[in-house]
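The next block holds one structure in the form of structure tokens; read it before the comments.
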Amino acid sequence: MRRVVAVVAVLALALTAFVAVGLAIQGVTPDEPRTRPTPSPTTPPPATVTEAPDPSLADLYAQRIDWQPCETDDDHDCGLLTVPIDYAEPEGETVELALLRVPARGSRVGSLVVNPGGPGARGTTYAAAGSQVFREPLLDGFDIVGFDPRGVGRSAPVDCLSDAELDAYLGGDPTPDTAEEQAAYRASVLSFGEKCVAGSGPIVGHVTTAEAARDMDVLRSALGEEQLSYFGASYGTKLGATYAELFPDKVGRFVLDGAVDVGLDSQSLALEQATGFETALRAYVQNCLDSTDNCFLGDSVDEGLATITGLLEEIEDEPLPAGDRELTVGNAFYGIITPLYNRDYWFLLSTALASALEGKGSALMDLADAYASRNPDGSYADNTIEANYSINCLDDPTSVPFAEVPSLFDEFEEASPTFGRIFAWGMTGCRGIDVASSEEPLDIRAEGAAPILVLGTSRDPATPLKWARALSAQLDSGVLVERDGDGHTAYNAGNECIDSIVEDYLLDGEVPEDGTAC
């Protein structure tokens with residue numbers, strides 16, 4: 001859940017499966033539909049259409065997807081799904097959601113709808129990277145189906161800032177100290193929502209998580225599935241839990257990985273995320289100490305953290321050269337937190353920090369750009385940041401007045417000495433938004449749903465393990481499985497125990513014992 005200016009990135013990245021950033025680092029992009037009308041030969045016969053929850057939605061629920069080979073890869077199919085902008089007016093204006101399917105390689109079990117989180121991350125990208133995200137058993141048994149949620153990617157995307165404005169936004173000072181800096185911060189916060197409304201049209205008032213969940217049920221029917229099988233990571237767990245509350249009888253096999261505590265208020269969420277990032281940073285520094293006799297950051301964890309904090313302070317005073325750009329403290333912050341999501345990328349953080357300590361900012365800027373989906377030519381590959389702001393602020397417009405932020409410093413700095421003030425300033429987030437959700441708040445329990453598998457990781461920087469424990473308790477049929485490890489999300493992270501549990505559950509319906517530890 002992003003907040004405006006620098007903290008927007010923290011909370012968004014915090015609720016996005018790391019694969020999205022990892023793919024950006026590796027240069028992977030999603031496919032587009034091909035114009036030639038050649039259907040996939042593996043398309044299964046359509047099942048009988050399921051009954052719409054309301055007669056006014058019957059035509060939407062009767063849709064079948066016209067899958068076509070994607071533009072850049074014949075192994076992937078692309079398609080579109082029509083949904084109403086406003087479910088209260090189903091016969092009114094509609095939008096089309098972009099879909100991508102990776103057909104099952106073996107004996108097909110059904111469709112597995114996937115979402116990488118954000119909010120604002122693209123499900124089409126996630127599905128296209130299926131061979132990196134999912135292991136062979138799931139790729140063999142399921143059509144992996146990703147969709148760009150409403151307002152995201154190619155699904156009626158919200159549009160708030162030009163590329164130059166987005167550069168400035170991401171480079172802004174996340175901890176404004178002087179009156180001038182605070183005035184600039186305030187102006188940025190207050191104008192962001194106005195620009196989203198001006199640039200996006202009516203969709204900006206209808207990008208809530210609840211509406212995206214309603215879209216998923218239309219997608220379920222269009223796929224010909226009586227029940228939905230779903231894998232949601234990070235914020236995708238909130239989306240999945242919301243679907244389960246709205247459509248408990250349609251829940252098939254659900255995996256919610258890197259779970260979000262849907263019962264937390266925004267300030268508690270930010271505090272606990274701050275703690276998670278501090279824990280991950282300490283684990284990273286400890287690994288540096290353990291893996292070499294001479295860690296470049298210092299001789300102890302506290303020395304290493306002090307080195308990183310000092311570097312950020314120096315960059316705040318004097319940005320570092322980064323090619324033809326300057327690495328600001330806002331950019332440096334994104335560059336530091338991005339690799340914390342996956343232990344396999346910690347070496348990139350070490351390389352970037354060592355280079356920055358020598359006065360070179362390009363490596364940290366590359367990591368910051370990967371987070372933001374910024375291309376080398378200065379364009380942006382998607383609208384993740386803008387969509388994240390729009391969805392979060394429509395779901396929960398709560399924010400703290402600017403003058404009250406200093407009163408939060410002690411509590412946030414106790415949670416995270418390194419990042420606490422950044423998170424505290426992020427609490428001003430949604431003060432510029434002037435559209436209201438048409439959806440009523442939900443008390444998520446999903447009573448009557450089939451067993452839902454909830455995964456948490458002990459040192460997850462973005463979604464702390466306690467959130468998985470909370471969500472599994474909130475869900476009437478939640479089943480908790482814990483992974484001891486580093487990085488964001490649990491599946492396909494090198495833990496065979498977790499992987500086998502997930503695959504046996506999704507493929508064969510084997511429900512593990514609640515509280516299983518791996």
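Values quoted throughout were computed directly from the atomic coordinates according to the rules given, and no laboratory measurement underlies them. From a predicted model like this one, the values you see are computed outputs, not experimental measurements. A quick note on method: Cβ atoms are made from the backbone with ideal geometry, for glycine too, and the neighbour counts reach across all protein chains shown.
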inquiry  = Can you give me the C-alpha center-to-center distance between the range 183-210 and the range 349-370, rounded to a whole angstrom?
reply    = 31
task = For the range 232-386, just say rounded, prolate or oblate: build the C-alpha gyration tensor, square-root its eigenvalues into a ≥ b ≥ c, call rounded for a/c under 1.5, and beyond that prolate if a/b exceeds b/c, oblate if not.
result = prolate
ask   = Taking H as built 1.01 Å from N, whose amide H comes closer than 5 Å to the amide H of residue 72, not counting residues under 5 places away?
value = 32
message = Based on alpha-carbon atoms only, what is the radius of gyration of the chain relative to the globular estimate 2.2 N^0.38 Å?
response = 0.93
task = Could you give log10 I(q)/I(0) at q = 0.18, 0.19, 0.24, 0.25 Å⁻¹ for the range 112-160, computed by the Debye formula over C-alpha point scatterers of equal weight, without solvent?
result = -0.53, -0.58, -0.81, -0.85
key: Cross-link partners of residue 250 among lysines (Cα-Cα below 29 Å; sequence separation of 8 or more within a chain)   = 238, 466
request  = Please list, or write none, the aspartates and glutamates whose alpha carbon is within less than 19 Å of the alpha carbon of residue 195, excluding same-chain residues fewer than 8 places away.
outcome  = 159, 163, 165, 167, 382, 386, 395, 396, 434
key: Euclidean distance of C-alpha centroids, the range 68-86 and the range 459-506, integer Å   = 30
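Suppose only helical runs count, i.e. DSSP H with n ≥ 4. What mean residue ellipticity at 222 nm does that imply for the chain under -39500 (n - 2.57) per run, divided by all residues and rounded to the nearest 500 deg cm²/dmol?
-12500 deg cm²/dmol
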request  = Could you check the simple spin-label distance between residue 249 and residue 75, using points 7 Å along Cα→Cβ, in nm with one decimal?
outcome  = 4.0
task = Could you work out the relative contact order of the chain, using alpha carbon pairs under 8 angstrom and six or more residues apart, expressed as a whole percent?
result = 19
Estimated translational D of the range 159-252 in µm²/s (Stokes, Kirkwood radius over Cα pairs; 10 °C; 1.306 mPa s) = 98
key: DSSP-defined antiparallel bridges as percent of all bridges, the chain, nearest 5   = 45
request  = Take the Cα atoms of the range 343-481, build their convex hull, and give its volume per residue in Å³.
outcome  = 195
request  = Starting from 0 in steps of 10 Å, tell me what percent of the Cα-Cα pairs of the range 340-380 lands in each bin.
outcome  = 29, 47, 23
